[in-house]
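Chemist: Quick one: the structure is below, and I'll ask about it shortly.
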Amino acid sequence: MSEHANLLSKYQDLFRCPICFSPMETAHSQSLVCRRRHCFDIARQGYVNLSVRPVHTLYDKRLFASRRILGRSGFFDPLYDILCKKIVKAGRAENQRIRLLDAGCGEGTHLHRMQETIRRDFGMELLGVGVDLSKDGIRLASREYPNAIWCVADLAHCPFAPSSFDCIVNMLSPSNYAGFRRMLTDDGALIKVIPGKDYLKEWRELIHGGTGKPSYSNDRTVSRFQEHFKLVEADRVRYRYALDDTLIQPLLRMTPLSWGVAEERLQQALDRNLKEITVDLTILVGRT
Ligand SMILES: [Zn+2]
């Protein structure tokens, strides 16, 4: 049995049918089936597709490939270090694996790096589950990161049982707060990462400079978070990251900031050869 299929059957209790909400179990390492026989195939690469309808997403393979390059370069490492401390703090009693959901995991590098960091710094194994709307993203994740469970799913049709996770990480990705509440244990934590006002500011200035575009504020996102969760911690992580030539294109491609910007303008910005970029993120920790 593949490592993926092993994990899926070991943790099949995490799942519930996104159509009729009844419990599910794995069948012959090939599918997840509910009591009413709704059946979801486990792909050859090891992920399971639990989406109930096709979803259009603007996130394509090129964007995911770019995020992977940045994620592996160390771009987010200072963030991972802080996140992992918070995840471990949010975890459960000793000897139990922390169950972590990465909601909007994309191509999976964030979750993988967090699992590695927690193993290295805390000697703990973490059950990681990554979920994303994008099949392209999940396919990339499952191909290279066999130590986690990967699912294509829409949290509006949630495929996880109530109280399944000790911690949910939601990084630079939209939230489904009602779904998060349902999936967290009573003392579980939601950790949401949002851009701060200086996030990628050099890049922003290059592509929008002089167009009078107002500066970004995350106040509204924080208020929305507080409408659904009790905000117990808010930390700002801000650092500058040195870019070499191999990272400039991926940086450009990884962010929706570049969407809708004329190719000519992007090219001009690229030609400026940025040497350093500011990473400015806010980490919100919420309890139910
Ligand atoms: Zn069902």
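Chemist: Would you pick out the residues in the range 21-50 that are touching a Leu at 6+ places or on another chain (Cβ under 9 Å), assigned to a strand (DSSP E or B) and either away from the ligand (no atom under 14 Å from the Cβ) or not charged (D, E, K, R) (or both)?
Modeler: M24, T26, L32, C39, F40, D41, I42, V48, listed by residue number.
Chemist: Something else: It is to be established whether one or more residues within the range 84-96 are basic (K, R), touching a helix residue (DSSP H, G or I) at 6+ places or on another chain (Cβ under 9 Å) and either open to solvent by 50 Å² or more (accessible area, probe 1.4 Å) or on the phi < 0 side of the Ramachandran plot (or both).
Modeler: yes
Chemist: Would you check if S2 is surrounded by fewer than 21 Cβ atoms within 10 Å (Cβ to Cβ), farther than 26 Å from D187 by Cα and in contact with an Asp or Glu (Cβ under 9 Å, 6 or more places away or on another chain)?
Modeler: Details: surrounded by fewer than 21 Cβ atoms within 10 Å (Cβ to Cβ): yes; farther than 26 Å from D187 by Cα: yes; in contact with an Asp or Glu (Cβ under 9 Å, 6 or more places away or on another chain): no.
Spelling it out, it is not the case that S2 is surrounded by fewer than 21 Cβ atoms within 10 Å (Cβ to Cβ), farther than 26 Å from D187 by Cα and in contact with an Asp or Glu (Cβ under 9 Å, 6 or more places away or on another chain).
Chemist: Out of curiosity, is A156 at pLDDT 95 or above and not hydroxyl-bearing (S, T, Y)?
Modeler: Values: at pLDDT 95 or above: no; not hydroxyl-bearing (S, T, Y): yes.
So A156 fails the test.
Chemist: Which of the residues belonging to the range 183-197 are open to solvent by 20 Å² or more (accessible area, probe 1.4 Å) and either assigned to a loop (DSSP other than H, G, I, E, B) or farther than 25 Å from L101 by Cα (or both)?
Modeler: K197
Chemist: Within the range 51-68, is even one residue in contact (Cβ under 8 Å) with a residue 12 or more places away in the chain, assigned to a loop (DSSP other than H, G, I, E, B) and open to solvent by less than 30 Å² (accessible area, probe 1.4 Å)? Spell out how you get there, then give the answer.
Modeler: We begin by selecting, within the range 51-68, every residue in contact (Cβ under 8 Å) with a residue 12 or more places away in the chain; these are 51-53, 55, 57-68.
In the following step, the residues that additionally are assigned to a loop (DSSP other than H, G, I, E, B) were identified as 51-53, 55, 57-60.
Cutting the leftovers down to open to solvent by less than 30 Å² (accessible area, probe 1.4 Å) gives us none.
Looking for residues that are in contact (Cβ under 8 Å) with a residue 12 or more places away in the chain, assigned to a loop (DSSP other than H, G, I, E, B) and open to solvent by less than 30 Å² (accessible area, probe 1.4 Å), one finds none in the range 51-68, hence no.
Chemist: Something else: Take the residues of the range 70-86 that are among the aliphatic types (A, V, I, L, M) and either out of contact with any Leu (no Cβ under 9 Å at 6 or more places or on another chain) or modelled with pLDDT of 95 or more (or both): which is farthest from G108 (Cα to Cα)? Quick ask: steps written out before the conclusion?
Modeler: Filtering the range 70-86 for residues among the aliphatic types (A, V, I, L, M) gives 70, 79, 82-83.
When the remaining residues are screened for being either out of contact with any Leu (no Cβ under 9 Å at 6 or more places or on another chain) or modelled with pLDDT of 95 or more (or both), the result is 79, 82-83.
Working: L79: 16, I82: 18, L83: 15 Å.
Here the answer is I82.
Chemist: Looking at the range 6-20 only, could you name the residues that are open to solvent by 10 Å² or more (accessible area, probe 1.4 Å), away from the ligand (no atom under 16 Å from the Cβ) and either out of contact with any Asp or Glu (no Cβ under 9 Å at 6 or more places or on another chain) or modelled with pLDDT of 95 or more (or both)? Show your work before the answer.
Modeler: Our first condition is that a residue be open to solvent by 10 Å² or more (accessible area, probe 1.4 Å); within the range 6-20, this holds for 6-7, 9-13, 16, 19-20.
Restricting the remaining residues to those that are away from the ligand (no atom under 16 Å from the Cβ) gives 6-7, 9-11.
Selection gives N6, L7, K10, Y11.
Chemist: Looking only at the range 118-170, how many residues end up being of a type in the set (V, I, T), in contact (Cβ under 8 Å) with a residue 40 or more places away in the chain and either in a helix (DSSP H, G or I) or surrounded by fewer than 21 Cβ atoms within 10 Å (Cβ to Cβ) (or both)? Break it down into steps so the answer makes sense when it comes.
Modeler: Keep residues of the range 118-170 that are of a type in the set (V, I, T), which gives 118, 129, 131, 138, 149, 152, 168-169.
Adding the requirement that they be in contact (Cβ under 8 Å) with a residue 40 or more places away in the chain leaves 129, 138, 149, 152, 168-169.
Applying the additional criterion that residues be either in a helix (DSSP H, G or I) or surrounded by fewer than 21 Cβ atoms within 10 Å (Cβ to Cβ) (or both) yields 138.
So the answer is 1.
The values are calculated or read from the model by the stated rules, or taken from the named source; none is laboratory data. The model shown is predicted, which means the values in this text are computed figures rather than measured ones. All Cβ positions, even for glycine, are placed from backbone atoms using ideal geometry, and neighbour counts span all protein chains on display. With ligands, DNA and RNA removed, areas are computed over all heavy atoms of the protein, side chains included. Shrake-Rupley method; radii C 1.70, N 1.55, O 1.52, S 1.80 Å.
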